[in-house]
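Throughout, read-outs are computed from the coordinates displayed, never taken from laboratory work. A quick note: this is a predicted structure, and the numbers were derived from the prediction, not measured. We place every Cβ from the backbone using ideal geometry, glycine too, and count neighbours over all the protein chains shown.
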């Protein structure tokens, strides 16, 4: 029997690929059979030849026999079931295209789900035949339907029974280490929410650069990543997202998989999320980005502000995280902004359903356009309260504590704007108003610049003689050099000690 001889469109619910994946995984590594015993039975398979193969595998497992192509073929031959099981050629084909052995339990659940659906279909057929019988009585059929429904319900819940774990089991199953996909922002099996002002914060830029670091297994903001494929769900059009991909160096990559929102219009969000989860399993992606969640989940208007709707939108992503996938959810900030966890547009209930919250914002005042402040909170810890980052040609660079960097930036702006001589000295108000720096930041910057000798002060600080500020002669020369301009001084000897040899002093 060949694959082509198997009916590709059976009338009853089934999934031949999942059935083959289970059997192929056991052939590749018979240790996986231990994960299936007790939960998957031969009758759960739709195809008769698959039932025979799995039944033989179970008997070999009970007898503690090694399961491989040779031994399985021999067992089926001895039972005179080899041809009914598809023949030796078909058994060999089970090795072909086994997606991932680690996902064998996932494939087994698909097989089991199809089996339950077939049972329900059979019940429907039985009720239909009973209702069409000449001597049918509605009351009897209803009673029979209720009994069968109860049996099916118990059967379904038996397959989906809750598993309660002890503290010892949790400790054994979950070692005291976090698998970071991008430390400390996204961990495997967790959900991180990234928020920021629409079209200003650079959320997509941040997410795509993080994706590139994960794809290459390189550091992101000075921290390690786990290398692997990435699945990215974007609300943008192919034309606009192509530009974002180009800026992040993602074009041409075969390990970066994209789903456009426009291609999901005919599907409900839970179905889209389930398909995305399946795609992660197929391509081996452990990082999934949803940019943005409200767009994909269809939360619009008042629904976005409703806690129940917000939690319903998060549920499919929680299921994905339960499969070990790290999920990065992107949302827009409301106009009024707010603290981390409260700034995102819509209900804050979704924030309670995630493991980490990070906010990406542009610093206030006159600062470089590429600077951003990251604020965050996390159940894992390690997320900095405030981190200043800058986007450069090679991606984001962590600059350090946002407060310290903001102070340095204010000093840079103040020093650049300061006049070069006492005759041109400016008052504190004139210095601050001309730079765009916040007053409190400007005052601290000027105080520190004076204290460290990088800014000189004239005047007595009185009403008619206020303090005025200017760059000292040496500082003026250094600042001019840093700006790449020609230097002109009245006394070259006074600055010779601070000039590089390559700089020529013009009298």
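Ordered by the number of other Cβ atoms lying within 10 Å of each residue's own Cβ, fewest first, 471, 460 fall into the sequence 460, 471. Extending 7 Å from Cα along the Cβ direction at residue 263 and again at residue 404 yields two label points whose distance is 4.5 nm.
Given R0 = 25 Å, the distance between the Cβ atoms of residue 457 and residue 433 translates into a calculated FRET efficiency of 0.90. Computed from the C-beta positions of residue 282 and residue 370 and an R0 of 25 Å, the FRET efficiency is 0.10 to the nearest 0.05.
Between residue 144 and residue 29, the simple spin-label model (points 7 angstrom out along Cα→Cβ) gives 4.8 nm. Among 377, 104, 70, a tally of other beta-carbon atoms within 10 Å of each Cβ gives an order, fewest to most, of 70, 377, 104.
Ranked by the mean number of other Cβ atoms within 10 Å per residue, highest first, peptides 107-118, 359-370 order as 107-118, 359-370.
Rounded to the nearest 5, what % of DSSP beta bridges with both residues in region 180-361 are antiparallel?
If I count the DSSP bridges inside region 180-361, around 15 percent turn out antiparallel.
Note on 128, 71: ascending count of other Cβ atoms within 10 Å places them as 128, 71, the fewest first. Legend: calculated FRET efficiency, residue 105 to residue 380, from the Cβ-Cβ distance at R0 = 25 Å, rounded to 0.05, equals 0.45.
Descending by average beta-carbon neighbour count within 10 Å, the peptides 184-194, 416-426 line up as 184-194, 416-426, the highest first. Multiplying the residue separation of residue 198 and residue 116 by 0.36 nm and removing their Cα-Cα distance gives an extension gain of 25.0 nm.
Going by the alpha-carbon gyration tensor, a ≥ b ≥ c the square roots of its eigenvalues, is region 180-361 rounded (a/c under 1.5) or, if a/c is not under 1.5, prolate (a/b greater than b/c) versus oblate?
Note, shape of region 180-361 comes out rounded.
Quick check for you: which residues of region 430-473 have the amide N under 16 Å from the point 7 Å beyond the Cα of residue 362 toward its beta carbon? The answer is 436-438. Most tightly packed first, judged by the mean number of other beta-carbon atoms within 10 Å of their residues, the peptides 73-83, 274-284, 134-144 read 274-284, 73-83, 134-144.
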